[in-house]
Amino acid sequence: MKIAILGCGWLGFPLAKALIKHGYQVHGSTTSPGKTEELASAGIRPFLVRLGEGGIEGNMKSFLKNMETVIVNIPPKLRGTTPESFVKKTEHLIPVLENSGIRHVLFISSTAIYPDDNSTITEETLPRPETESGKQLLASETLLQSCPAFRTTILRFGGLIGPDRHPVHHLAGKKGLKNPDAPVNLIHLDDCIRIIPEIIRQQKWGKVYNAVFPSHPKRKVYYTEKAGELGLVPPQFVALSGSKGKIISPEKLRKELGYTFKGFI
């Protein structure tokens with residue numbers, strides 16, 4: 001099987017290498033000319049592609065040629081000095097996918113589409129995003145799912161962590177942090193790159209899955225302990241009358257894929 005990964009960054013690059021080990025032929029896109037050689041040396045056929053709100057730059061026709069499945073793995077990029085509309089990017093992408101003959105789309109989304117209402121969240125929970133990023137991700141999910149030319153599966157990841165990425169580095173030493181008792185909803189890179197090949201292998205198309213490690217310690221406890229493990233200054237939380245958060249349940253994914261989480265948070 002041939003798979004195209006739109007966005008070979010922090011998640012996409014190790015995912016591409018994992019898929020190659022599973023026997024897939026992989027096309028990978030990057031926006032950085034300096035990264036094409038690195039992709040090629042890993043056995044990935046590299047393409048310079050940039051999906052912007054004004055259109056698509058790069059040879060998308062060759063990128064998608066003879067591909068059966070495309071994994072859309074690009075961040076919303078709504079912050080910084082040059083924010084762009086993620087919905088407009090998706091609107092540019094869809095007709096290209098329709099004309100390419102792609103049969104399956106795996107869209108990497110986020111649990112940010114759910115509200116912090118102190119409930120336990122499943123895939124049946126009504127999405128009510130509270131951030132602009134969450135709103136645009138949800139709108140993009142809807143656009144892709146409503147396209148009859150291909151079948152789209154939505155994979156909503158919790159906070160991504162890995163060997164060189166963890167929110168405790170951003171929180172270390174900070175004071176006055178809120179929501180000390182809110183549960184954490186994280187997922188390790190190792191699980192991400194195991195779950196995606198399972199979705200493809202088992203042909204789970206037209207689905208929606210939440211992907212979060214099934215342990216949800218309180219923020220204050222977890223980040224204080226994690227800072228100590230890494231030799232960082234622990235963050236300081238303020239005790240308020242209550243904490244605002246949610247628990248994301250991955251039970252549907254565990255049952256339908258028969259998946260056991262491996263990467264401890």
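General remarks:
- Note on region 1-121: antiparallel DSSP beta bridges, both residues inside, total approximately 20 percent of the bridges counted.
- Potential lengthening between VAL221 and ARG45 on full extension [0.36 nm per residue; Cα-Cα distance subtracted]: 59.0 nm
- Using C-alpha pairs under 8 Å with a sequence gap of at least 6, the mean separation divided by the residue count of the chain gives a relative contact order of 17 percent.
- Shape category assigned to region 157-265 from the gyration tensor of Cα positions, a/c cut at 1.5: prolate
- Reciprocal mean inverse distance between Cα atoms of region 45-122 - Kirkwood radius, Å: 14.4
- Summed over qualifying helices (DSSP H, 4 residues or more, each -39500 (n - 2.57)) and divided by its residue number, the chain shows a 222 nm mean residue ellipticity of -9500 deg cm²/dmol.
- Globularity index of region 65-178, i.e. its alpha-carbon radius of gyration over 2.2 N^0.38 Å: 1.23
- DSSP-assigned coil residues among trypsin sites (Lys or Arg not before Pro) in region 193-262, each with at most 15 further Cβ atoms within 10 Å: LYS244, LYS262
- Projected onto its three principal axes, the C-alpha set of region 153-202 covers 46, 22, 13 Å, listed from the longest axis down.
- Charge dipole (the chain, unit charges on Cβ, about Cα centre) - positive-most of LEU240, PRO76, PRO14: PRO14
- Estimated FRET transfer efficiency (HIS169, ALA149; beta-carbon r; R0 35 Å; 0.05): 0.25
- Counting neighbouring Cβ atoms within 10 Å and putting the fewest first, the residues ASP190, ASP117 line up as ASP117, ASP190.
- Top of LYS17, LYS174, LYS135 by mean-square fluctuation, Gaussian network on the chain, Cα under 10 Å: LYS174
- All other residues whose Cβ lies under 9 angstrom from that of PHE150 are scored, Lys and Arg at +1 and Asp and Glu at -1, for a net of +1.
- Principal semi-axes in Å for region 1-85 [√(5λ), Cα gyration tensor, largest first]: 22, 14, 12
- Neighbour net charge for SER119 - beta-carbon separation under 12 angstrom, K R +1, D E -1: 0
- The distance linking region 58-132 with region 1-38 is 17 Å (Cα centroid to Cα centroid, whole angstrom).
- Taking the longest Cα principal axis of the chain as reference, the axis of helix 132-145 is set at about 40 degrees.
- DSSP bridge pairs, the chain: antiparallel proportion in percent, nearest 5: 15
- Here the Gaussian network model covers the chain, with springs between Cα atoms less than 10 Å apart; of GLN145, GLN202, GLN236, GLN202 fluctuates the most.
- Pairs from the table (LYS207/LYS246; LYS35/LYS262; LYS207/LYS252; LYS218/LYS246) lying more than 18 angstrom apart at Cα are LYS207/LYS246; LYS35/LYS262.
- Packing-based exposure ordering (other Cβ within 10 Å, fewest first) of CYS192, CYS147, CYS8: CYS147, CYS192, CYS8
- Taken about its Cα centre, the chain carries a charge dipole of about 200 debye when Lys and Arg each add +1 at the Cβ and Asp and Glu each add -1 at the Cβ.
- The dipole here belongs to region 1-73: it is taken about the Cα centre, uses +1 on the Cβ of Lys and Arg and -1 on the Cβ of Asp and Glu, and is about 200 debye.
- Taking a point 7 Å from the Cα of HIS92 along the Cα-to-Cβ direction, the residues of region 24-39 with backbone N closer than 17 Å to it are 29-33.
Every number in this text was worked out from the coordinates using simple rules, so none of it is lab data. What you see is a predicted model, and the numbers here were worked out from it, not measured in a lab. Cβ sites come from the backbone with ideal geometry, for glycine too, and all protein chains shown count toward neighbours.
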